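Colleague: Structure in structure tokens, see below.
The values are calculated or read from the model by the stated rules, or taken from the named source; none is laboratory data. Bear in mind the structure is a predicted one, so any value in this text is a computation, not a measurement. Reconstructed Cβ throughout: ideal geometry from the backbone, glycine too, with neighbour counts over all protein chains shown. For accessibility, only protein heavy atoms count, side chains too; no ligands or nucleic acids. Shrake-Rupley method; radii C 1.70, N 1.55, O 1.52, S 1.80 Å.
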Amino acid sequence: MRPGAAALCVLAAPVTLGAATPDFAGDARALDALVAANYAYLDRFPGGTAPATPQLAAARDAVHDRDSLLHYAEDVLTALADHHAITGASFKDDWAVVPTYADLWIERAGDGYVVDAVRPDTPAARAGVVGSDRLIAVGGVPIARALAAFWAPLGLDAGGERGAYGARVLAAGRRDRPRVLTFAGARGTRALTLASLYATHTDRPPLTVTGTTIRFNNSLGDQTTIAAFDAAMAAIPGAAPVTIDLTDTPSGGNTSVARAVMGWFVRGPSAYQVHTLPAEERETGVPRQWIEQVLPRAGKYHSGPVRARVGRWTGSMGEGIAIGFAAFGTPVCGTRMAGLRGAVYDFPLPASGLVVKLPAERLYTVSGTPREDFQPSPDARCR
């Protein structure tokens, strides 16, 4: 998905003056069918069906205009507890998109929630939040109660994956206001008021080059990144070691940028990831799977050693590049990545044109590991 994709504040197909009013209620019903047909990870749920509760049904039945449809679409996708499932439009006071506008990665630890990683040079980092700090309250409300309040309008609880998912969303906060988060750790208990990362983000060049380290500034969805990367690689001596830094790619990108990057490091067609399309098997009963390859790029090859660096803010296409390098035998160094599921397709609803973004393909390493379960290598070349 491209950076900022969920930051739009209008629907994809606004109503024009004099045009017939779209069937918003019909779109709400169509959304349920669309998720059932196309979401690639329904096996995460009991019975292989997306969460359905009386509260969600009531919200669907109440849809009557653009705003209520968008609210319902957000609820349906939130119920999936999948950071890769988002709407293509949003309200100015929506929760910030995780991981794009998150500076804390939260995981469940026993009955509580712990900071697993802090994004560098962000409000949380500057406030001194560190890994192993425990998130104990949001807006002064104990975390367990805050999570219960987050899920209750959808008729769900914070069990299973919903706990950590909800904690990450609460920690990211609303897009239009600061967050008040309380942590317990080595520095005692501290209530911190942190600016929204969404409100403080700034435009940056696609790459930062330091020596022979090339860092992507969340730019894998920008076609100009290809030319910038080619120029950076052309300036590096052919036998020099290169580090590809993917630690700030939370919004993912597209496969053309990814293949352009990896194409510098292969001599022939090289498999980098495996795709499956569950929707086709649901429709026809016939499974579909294919292998995607990286091809060499004419006049562009680096013969020196290379390694990739990843972390919790390596997301989506950044994770795709990481598993591609791993397939080529390149060490992939760092911590667990964002673990975003699958490849996202844009699905416009038939009457309103509102776009929902769903993981419709499942992705695997060439050895068959689900991409979201891939872990960096302990390879000695990482040290």
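Colleague: Mind listing whichever residues of region 26-41 are within 12 Å of S352 (Cβ to Cβ) and of a type outside the set (D, E, K, R)?
Modeller: G26, A28, A30, L31
Colleague: Starting from region 174-185, take each residue that is of a type in the set (D, E) and list its partners that are open to solvent by 60 Å² or more (accessible area, probe 1.4 Å) and not in a strand (DSSP E or B), counting only C-beta distances under 6 angstrom and pairs at least six apart or across chains.
Modeller: D176/K92; D176/D93
Colleague: Another question, then. Has region 239-251 got at least one residue that is in contact with a helix residue (DSSP H, G or I) (Cβ under 9 Å, 6 or more places away or on another chain) and either free of Cβ contacts under 8 Å to residues at least 60 places away in the same chain or part of a helix (DSSP H, G or I) (or both)?
Modeller: No, region 239-251 has no match at all.
Colleague: Quick check on my filter: what residues within region 169-215 are farther than 21 Å from A234 by Cβ and basic (K, R)?
Modeller: Matches in region 169-215: R174, R175, R177, R179, R187, R190, R204.
Colleague: Quick check on my filter: what residues within region 253-306 are basic (K, R), closer than 30 Å to G238 by Cβ and in a loop (DSSP other than H, G, I, E, B)?
Modeller: Answer for region 253-306, where residues must be basic (K, R), closer than 30 Å to G238 by Cβ and in a loop (DSSP other than H, G, I, E, B): just R267.
Colleague: May I pose another question? Can you pull out every residue in region 147-165 that is open to solvent by 20 Å² or more (accessible area, probe 1.4 Å) and aliphatic (A, V, I, L, M)?
Modeller: A148, A149, A152, L156, A158 - these are the residues of region 147-165 that are open to solvent by 20 Å² or more (accessible area, probe 1.4 Å) and aliphatic (A, V, I, L, M).
Colleague: Can you pull out every residue in region 192-238 that is part of a loop (DSSP other than H, G, I, E, B) and basic (K, R)?
Modeller: Residue satisfying the conditions is R204 alone.
Colleague: Among the residues of region 87-113 satisfying the criterion of being in a loop (DSSP other than H, G, I, E, B) and acidic (D, E), which is least open to solvent (accessible area, probe 1.4 Å)?
Modeller: Going through the qualifying residues, I end up with D103.
Colleague: If I ask for residues that are hydrophobic (A, V, I, L, M, F, W, C) and open to solvent by 30 Å² or more (accessible area, probe 1.4 Å), which ones from region 269-300 would you list?
Modeller: The answer is A271, V286, W290, I291, L295, A298.
Colleague: Residues in region 59-79: is at least one of a type in the set (F, W, Y), in contact (Cβ under 8 Å) with a residue 40 or more places away in the chain and assigned to a loop (DSSP other than H, G, I, E, B)?
Modeller: No.
Colleague: In addition: Can you go through D121, D116 and tell me which one is farther than 27 Å from Y72 by Cα, open to solvent by 30 Å² or more (accessible area, probe 1.4 Å), of a type in the set (D, E) and assigned to a strand (DSSP E or B)? Show your work before the answer.
Modeller: Working: D121 fails: assigned to a strand (DSSP E or B).
D116 is the lone residue from the list that is farther than 27 Å from Y72 by Cα, open to solvent by 30 Å² or more (accessible area, probe 1.4 Å), of a type in the set (D, E) and assigned to a strand (DSSP E or B).
Colleague: Okay, moving on. Filtering region 282-295 down to residues that are within 28 Å of the chain's Cα centre (by Cα) and not charged (D, E, K, R), which residue is nearest to T49 (Cα to Cα)? So that I can check it myself, show each step before the final result.
Modeller: Going residue by residue through region 282-295, those that are within 28 Å of the chain's Cα centre (by Cα) are 282-283, 287-295.
Now narrow it down to the ones that are not charged (D, E, K, R): 287, 289-291, 293-295.
On the way: P287: 19, Q289: 22, W290: 25, I291: 28, Q293: 33, V294: 35, L295: 38 Å.
So the residue we want is P287.
Colleague: Could you list, in sequence order, all residues of region 335-376 that are small (G, A, S) and open to solvent by 50 Å² or more (accessible area, probe 1.4 Å)? Walk me through how you get there before you give the answer.
Modeller: Looking only at region 335-376, we keep the residues that are small (G, A, S), and these are 338-339, 342-343, 351-353, 360, 367-368.
Scanning region 335-376 gives a single hit, S367.
Colleague: Taking region 166-181, which residues are open to solvent by 20 Å² or more (accessible area, probe 1.4 Å) and either of a type in the set (V, I, T) or not in a loop (DSSP other than H, G, I, E, B) (or both)?
Modeller: Within region 166-181, R168, R174, V180 qualify.
Colleague: Something else: Spot the failing condition for T21; the list is (1) within 30 Å of G315 (Cα to Cα); (2) open to solvent by 10 Å² or more (accessible area, probe 1.4 Å); (3) hydroxyl-bearing (S, T, Y), and only one is missed.
Modeller: Status for T21: all satisfied but (1).
Colleague: Continuing with the same structure: Is there a residue being under 18 Å from the mean Cα position of the chain (by Cα), under 19 Å from Y198 (Cβ atoms) and not aliphatic (A, V, I, L, M) anywhere in region 103-113? First the steps, then the outcome.
Modeller: Of all residues in region 103-113, those under 18 Å from the mean Cα position of the chain (by Cα) come to 103-107.
Next, from what is left, pick out any that are under 19 Å from Y198 (Cβ atoms): 103-106.
Now restrict to residues that are not aliphatic (A, V, I, L, M): 103, 105.
Taking every residue of region 103-113 in turn, at least one turns out to be under 18 Å from the mean Cα position of the chain (by Cα), under 19 Å from Y198 (Cβ atoms) and not aliphatic (A, V, I, L, M).
Colleague: Go through (1) under 29 Å from R126 (Cβ atoms); (2) within 23 Å of the chain's Cα centre (by Cα) for V274 and report which single condition fails.
Modeller: (1)
Colleague: Please name all residue pairs, on different chains or six or more residues apart, with Cβ atoms under 6 Å, provided the first residue is in region 189-204 and is at negative phi and the second residue is of a type in the set (D, E).
Modeller: Taking only residues 6 or more apart or on different chains, the pairs are L197/D103.
Colleague: Does A144 qualify as being at pLDDT 95 or above and either more than 22 Å from A59 (Cα to Cα) or surrounded by fewer than 13 Cβ atoms within 10 Å (Cβ to Cβ) (or both)?
Modeller: yes
Colleague: Does L135 satisfy being outside any strand (DSSP E or B), among the aliphatic types (A, V, I, L, M) and surrounded by 22 or more Cβ atoms within 10 Å (Cβ to Cβ)?
Modeller: When the stated conditions are applied, L135 does not pass them.
Colleague: While we're on this one: Spot the failing condition for T189; the list is (1) closer than 25 Å to P46 by Cα; (2) open to solvent by 60 Å² or more (accessible area, probe 1.4 Å); (3) not in a loop (DSSP other than H, G, I, E, B), and only one is missed.
Modeller: It is condition (1) that T189 fails.
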